[in-house]
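Chemist: Supplied in structure tokens, the structure appears directly below.
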Amino acid sequence: SDKDVHVVMVNPATTKRNKENRDNSPSKNDPKDALTIADSVSRGFYYEYTRQSLVFQRLRTMMSDREFWVANSVRLQNRIVRWLDIRFPEYPSVFKDWTCKRSLATLKTFPCPQDLEEYTVSDVISAWRVHMQRAGGTTGIEKAAQLIAHAKRSVGEQAAVEEAKADLKRLIEEFERVTTMLEQIEKDIEALLSEIPTAQQLRTVKGLGKIFTAAILAGTGDLRQYAHGRQVLRKAGLNLTQSTSGKRKGQIVLSKRGDSALRKYLYLATVQLVWNNPVFRHLHEQNVQEKKMKKQQSIFKLIGKLARILVGIVQRGEQFTPEKTVLNWTEAA
């Protein structure tokens with residue numbers, strides 16, 4: 001480190017397994033934890049701490065921040081959906097996506113069905129215009145008519161209406177505040193990615209958007225430090241393990257000893273690529289149809305493929321080449 005101190009890291013799983021070695025007791029306290037960690041280090045049960053460059057530390061911090069606010073946003077959305085289920089259960093029949101501009105304008109102006117009973121279509125459209133520009137038109141007239149019709153025969157809860165409206169108002173305000181914050185965080189992430197040369201190479205993989213690129217680099221750090229994609233899989237806990245004893249052979253499973261966020265985003269990125277990238281879609285179909293793999297099994301195999309591709313193009317300083325990827329895959333098969 002900067003203070004000339006040799007820093008190493010001990011896996012929490014190691015200390016958990018070793019804490020009973022000395023006293024054969026599952027007890028846990030601070031002095032015992034310190035002794036267990038020191039004992040693990042003295043026996044060599046540690047791995048070196050590699051300090052990433054500042055740009056990757058910044059990226060990791062920003063992605064951690066984004067994860068927190070995304071979780072908050074999901075919590076708020078679930079709360080608003082619950083509110084609608086109780087107060088206006090017919091609402092999704094009018095707006096499948098309640099987060100669209102017209103829907104938010106509705107929830108701000110007349111969230112409860114009884115608020116709409118005395119309104120005409122033109123009244124509703126006029127109220128929308130306060131919050132959005134294109135409130136009218138064929139779509140506006142149709143939606144306003146549907147909204148009024150559903151409101152008149154709604155079976156939603158009608159007790160404590162004023163309190164419920166105040167609750168929804170606070171939820172909507174907080175949801176919009178968090179949404180604006182997330183948009184700014186994503187702009188900052190995109191600006192930071194432009195400072196990382198390897199990020200531009202990763203972006204050449206069609207379907208691998210800025211958030212997936214940022215999440216992978218936040219978890220792995222500089223991909224140039226890896227010699228093979230297997231190292232990325234091990235860091236994410238996606239390497240395979242099997243427990244065997246004598247004639248018994250245990251099931252082959254993922255180790256899950258690694259960065260859970262990196263594991264999540266590698267999985268989601270691969271699913272996204274299967275949908276949006278012709279190369280990965282072809283390989284997935286080949287796995288499922290010709291090699292008779294289960295769909296989930298194919299996805300995890302393609303995660304390994306993605307890890308090898310990312311490390312490969314960064315190490316060679318190349319862009320993603322679909323033809324070369326298919327050829328290499330065929331040869332490997």
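The values are calculated or read from the model by the stated rules, or taken from the named source; none is laboratory data. Since this is a predicted model, take the numbers as computed values, not measurements. Cβ atoms come from the backbone with ideal geometry, glycine included; neighbour counts cover every protein chain shown. For accessibility, only protein heavy atoms count, side chains too; no ligands or nucleic acids. Shrake-Rupley method; radii C 1.70, N 1.55, O 1.52, S 1.80 Å.
Chemist: Could you tell me the largest-minus-smallest coordinate of the C-alpha atoms of the range 106-258 on each of the three principal axes, in descending order and whole angstroms?
Modeler: Result, largest extent first: 75, 48, 30 Å.
Chemist: Right, here's the next one. Work out the charge dipole of the range 131-270 with +1 on the Cβ of Lys and Arg and -1 on the Cβ of Asp and Glu about the Cα centre, then indicate which of VAL232, ALA160, THR180 is farthest towards its positive end.
Modeler: With unit charges placed on the Cβ atoms, the residue in question is VAL232.
Chemist: Relative contact order for the chain: what is it in percent, counting Cα pairs under 8 Å that are at least 6 residues apart?
Modeler: 15
Chemist: Report the Stokes-Einstein translational diffusion coefficient (µm² s⁻¹, integer) for the range 86-185, Rh taken as the Kirkwood radius over Cα pairs, at 25 °C with viscosity 0.890 mPa s. List each step's numbers first, then the result.
Modeler: Values: Rh = 14.1 Å.
The diffusion coefficient I find is 174 µm²/s.
Chemist: How big is the accessible area of ASP33 in square angstrom, nearest 10, if you roll a 1.4 angstrom probe over the protein chains?
Modeler: For ASP33, the solvent-accessible surface is approximately 40 Å².
Chemist: When the accessible area of the chain is computed with all protein chains present and a 1.4 Å probe, what percentage of it is carbon and sulfur? Before the final figure, lay out each step's value.
Modeler: On the way: 10210 of 19940 Å².
Whole-percent figure for carbon plus sulfur exposure: 51.
Chemist: Sticking with this one: Kindly sort LYS96, LYS32 by accessible area of their heavy atoms, largest first, with the probe set to 1.4 Å.
Modeler: Largest to smallest exposure gives the sequence LYS96, LYS32.
Chemist: Ok, one more. For ILE211, ILE37, write out the residues from largest to smallest accessible area, computed with a 1.4 angstrom probe and no ligands counted.
Modeler: The ranking, largest first, comes out as ILE37, ILE211.
Chemist: Once you've got the Cα coordinates, tell me which of LYS143/LYS295; LYS108/LYS206; LYS264/LYS294; LYS210/LYS295; LYS96/LYS301; LYS28/LYS264 are over 28 Å apart.
Modeler: From LYS143/LYS295; LYS108/LYS206; LYS264/LYS294; LYS210/LYS295; LYS96/LYS301; LYS28/LYS264, over 28 Å: LYS143/LYS295; LYS108/LYS206; LYS96/LYS301; LYS28/LYS264.
Chemist: May I pose another question? Given the -39500 (n - 2.57) contribution per DSSP H run of 4+ residues, what per-residue ellipticity at 222 nm results for the chain, rounded to the nearest 500 deg cm²/dmol?
Modeler: That comes out to -20000 deg cm²/dmol.
Chemist: I'd like the accessible area for ILE86: 1.4 Å probe, protein heavy atoms, all chains in place, Å² to the nearest 10.
Modeler: Counting only protein heavy atoms, ILE86 exposes about 70 Å² to solvent.
Chemist: Once you treat every alpha carbon in the chain as an equal point and sum by Debye, what is log10 I(q)/I(0) at q = 0.08, 0.13, 0.14 Å⁻¹?
Modeler: -0.62, -1.07, -1.13
Chemist: Can you give me the angle between helix 210-220 and the longest principal axis of the chain, using Cα atoms only, in degrees from 0 to 90, rounded to the nearest 10?
Modeler: With rounding to tens, the tilt is 30 degrees.
Chemist: Further question on the same structure: Put +1 on the Cβ of every Lys and Arg and -1 on every Asp and Glu Cβ in the chain; which of THR204, PHE280, LEU193 then has its Cα farthest towards the positive end of the dipole?
Modeler: PHE280
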